[in-house]
Amino acid sequence: MKISALCTKAVLGAACLALAASPALAQSTGLGTISFPNSGNEAAQADFLDGVRLLHSFEWEDSAEAFQRAQAADPDFALAYWGEALSHTGGHHYPPGQDMSEARAALLKLGKTRAERVAKAPTDREKRYLESTHILYGPGDLKERSEAYEQALAELSALYPDDLEAAAFHSLALMRTRVRGAESLRVDMRAGAIAQWVFRENPDHPGAAHYVIHAFDNPVQAPLALYAAEKYADIAPAAVHALHMPSHIFLQHGMWDQVRSLNDRSYQASVDRAERKGLSPTRYSYHALYWLLYAYLQEGRYEEGQKMLDEFEELTQRDEMTQGMKETWMRMDALNTVETRRWKPQPVDDLVAQLDSDEPQVGHRTAGAMLYARGASAAGTGDADTAMKAHEGLKKIHEMLASDENPRGAEQALVMAHAMEGLIARAKGDNEGAIEGFRKAVMVAESMEPPSGPPGESPIDAPIQPAHELLGEALLAAGENEEALSVFEVSLERTAKRPHSLSGAARAAIAVGDEDAARGYYEQLLATPERGPDLPGLADAEAMVGDATTMGQQ
């Protein structure tokens, strides 16, 4: 960055000179490095810069605390209040979560009126930063404010082209104007290009690496973010989210060892942070834990995954644990059942009955995952009656969610309902009916956003069992081998290197007489680093490829 281009106002004085001499002035280790010339006094600089870097890694609470310390050191430092206000808008795509009350309260500490607050920013550049928060937390609906905020940052970045912070925050603001998916494709490309430019200018910039990952977090564009993913955890290892976030791109590449390692570190970092700050286990990162379980499952390390689940279940019994944490465990348990295919018969009547209650025991999305796992267990053990009850419950959940004003999760429930139709038909020996149900599930799944994380974690993700794998297996059973191979190939394009899909594709390739293709799929399976003994298709892969029992450990 050309510091001199931003230090044009005499009022910046010593603060600007100090930053020019040392862009990383007093920045704590483990959060990356930024250069943000400003008018705050020297005592406020370390906390201010930490606050900005924590913003870039979505560490909202710690960021707010850092800005509050900067305010204490320099009560008239306008950007310290700007930063605290920003810590109350989270997320990476529309709609970003906001706490308008807290954000406005942060600004009110600087001054009672907008004019009074802006007057305390001594330069045009700092006034524009502050004005952008007045737009973000001003009048109008969220969509209008998000778009106006993005325009304000676009103008700021254009006026100060050497200001990497303006460019980085503009990149994030762009993504926040669109719902993630097909609607956001063009905006994500623009946002990603801006973030990549910042990353080239400053390879240690936490926001640049982070926003590149969010911009290209889908199966098609993920290769564009691989370098940023490889670097982000090293840039900001002190940030819980920075340790997790690269796994979004590693998951898109089927790099299960990286997904496991990073989420293990992220979860442990969240535990360490909670203990350091005297917080309860409700503050642990169960988001990272969900991803960690999924990685264990994809590596065929079922016993380690089960041990982790058991430990989490014990944690949920503590009095302070919230219902949300308990439901996270329930969804993880359902995912584990479906992925391992270790069927455990359980009743579904209680889950179906509570759907009509004014105070349901669990949320609809969690009930859906549990109903699906229990229905799949019933179908897998020949209990079609229980599976049919689960199907009725899934249909009801879909109807309830679809009738909401914001029907998040409705498509996920519909995929599971159709998939359960197929499972019931298969349990009754009706393979044509199974194929029909699974086809309907695939059609809905392909209309949803491309996968971004482990199945079933988010309401907009695919459900806990990918529909393409179910259809491919049913087609194989019916002798429709060429179509089965095609379906498994699509599954692998959507979710790279899933072992159930690799094994299915290999079996389909053998069935159509393409042993070279089968060998290629099995070699990918055997190349799974640190694979466990329960890896689907492992025995068949070793039988075909030969003496390759250590391939994944090389």
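The values are calculated or read from the model by the stated rules, or taken from the named source; none is laboratory data. These numbers were taken from a predicted model, which means no experiment stands behind them. As a convention, Cβ positions derive from the backbone with ideal geometry for all residues, glycine included, and neighbour counts pool all protein chains shown. Please note that ligands, DNA and RNA were not included when accessible areas were found on the heavy atoms of the full protein model with its side chains. Shrake-Rupley method; radii C 1.70, N 1.55, O 1.52, S 1.80 Å.
Per the Debye calculation on region 422-554 with a single equal scatterer at every Cα and no solvent contribution, log₁₀ I(q)/I(0) for q = 0.13, 0.21 Å⁻¹ amounts to -0.56, -1.22.
Can you give the local net charge around residue 459? Use residues other than it whose beta-carbon is closer than 15 angstrom to its beta-carbon, Lys and Arg +1, Asp and Glu -1.
Numbers: positive: 180, 331, 365, 408; negative: 327, 404, 405, 411, 449, 457, 461.
Taking every other residue near residue 459 into account, the sum is -3.
For the chain, what relative contact order do you get, as a whole percent, if you take Cα pairs closer than 8 Å and at least 6 residues apart? The normalised contact order for the chain reaches 9 percent. The angle separating the long axis of helix 185-201 from the principal Cα axis of greatest extent in the chain is about 60 degrees.
Here the Debye sum runs over all C-alpha atoms of the chain as equal scatterers in vacuum, and log10 of I(q)/I(0) at q = 0.07 Å⁻¹ comes out as -0.45.
A Stokes-Einstein calculation at 4 °C with viscosity 1.567 mPa s, built on the Kirkwood radius of region 155-195 over Cα pairs, returns a diffusion coefficient of 125 µm²/s. Taking the C-alpha atoms only, the angle from helix 206-215 to the longest principal axis of the chain is near 40 degrees.
Which shape class applies to region 375-448: rounded if a/c is under 1.5, otherwise prolate when a/b exceeds b/c and oblate if not, where a ≥ b ≥ c are the square roots of the Cα gyration tensor eigenvalues? Intermediate results must be reported in sequence, preceding the final value.
Working: a/c = 3.16, a/b = 1.61, b/c = 1.97.
Oblate shape, in that a/c is at least 1.5 and b/c is the bigger or equal ratio.
Based on the mean of other beta carbon atoms within 10 Å per residue, what is the order of 230-240, 301-311, 412-422, most packed first? Spell out each step's value before the answer.
Values: 230-240: 22.2, 301-311: 16.7, 412-422: 27.7.
Packing order, densest peptide first, comes out as 412-422, 230-240, 301-311.
Ignoring ligands, DNA and RNA, please state the percent of accessible area on the chain from carbon and sulfur, probe 1.4 Å. Carbon with sulfur: 50 percent of the solvent-accessible area.
Spin-label model, residue 190 to residue 326: label points 7 Å out along the Cα-to-beta-carbon direction sit 4.6 nm apart. Per the Debye formula on identical point scatterers at the alpha carbon atoms of region 46-159, with no solvent, log10 I(q)/I(0) at q = 0.12, 0.13, 0.18 Å⁻¹ is -0.37, -0.44, -0.89.
Accessible surface computed residue by residue for region 387-475, with neighbouring protein chains in place and a 1.4 Å probe, gives 38 Å² per residue.
Model label points for residue 478 and residue 381, set 7 angstrom from Cα along the Cα-to-Cβ axis, are 2.9 nm apart. Compared with the direct C-alpha span, the chain from residue 268 to residue 113 gains 51.5 nm at full extension, assuming 0.36 nm per residue.
For region 105-215, the Kirkwood hydrodynamic radius comes to 14.7 Å, computed from all pairs of different C-alpha atoms. Would you mind checking region 373-402 for residues with the amide N under 13 Å from a putative spin-label position 7 Å along Cα→C-beta of residue 448? Backbone N within reach: 398. Taking the 0 to 90 degree range and rounding to the nearest ten, how far is the long axis of helix 42-56 tilted relative to the main principal axis of the chain, both from C-alpha atoms? Computed tilt is about 20 degrees.
From largest to smallest, the equivalent ellipsoid semi-axes obtained for region 294-338 from the alpha-carbon gyration tensor read 21, 11, 7 Å. Comparing 328, 506, 73 along the charge dipole axis of the chain, the residue lying farthest to the positive side is 73, per the Cβ-charge model.
For region 225-349, what ratio Rg/Rh do Cα atoms give with a Kirkwood hydrodynamic radius? Walk me through the numbers on the way to the answer.
On the way: Rg = 15.2 Å, Rh = 15.3 Å.
Ratio of gyration radius to Kirkwood radius: 1.00.
Using a simple spin-label model with pseudo-atoms 7 Å out from Cα toward Cβ, residue 402 and residue 179 lie 1.6 nm apart.
So with the 1.4 Å probe, I'd like the accessible area per residue for region 74-215, rounded to whole Å². Mind showing how you got there, number by number?
Details: 5330 Å² over 142 residues.
That works out to 38 Å² per residue.
Distance between Cα centroids, region 138-173 to region 35-86: provide it in whole Å. A separation of 19 Å, based on Cα centres.
Using 1/(1 + (r/R0)^6) with R0 = 45 angstrom and r between the beta carbons of residue 220 and residue 319, what's the FRET efficiency to the nearest 0.05? Each step should come with its number before you reach the end.
Working: r = 46 Å, r/R0 = 1.02.
Step by step, r from the Cβ atoms, then E = 0.45.
Work through the residues other than residue 411 whose Cβ is under 11 Å from its Cβ and net out their charges, Lys, Arg +1 and Asp, Glu -1. Don't jump to the answer; show the numbers that get you there.
Details: positive: 408; negative: 446, 449, 461.
The answer is -2.
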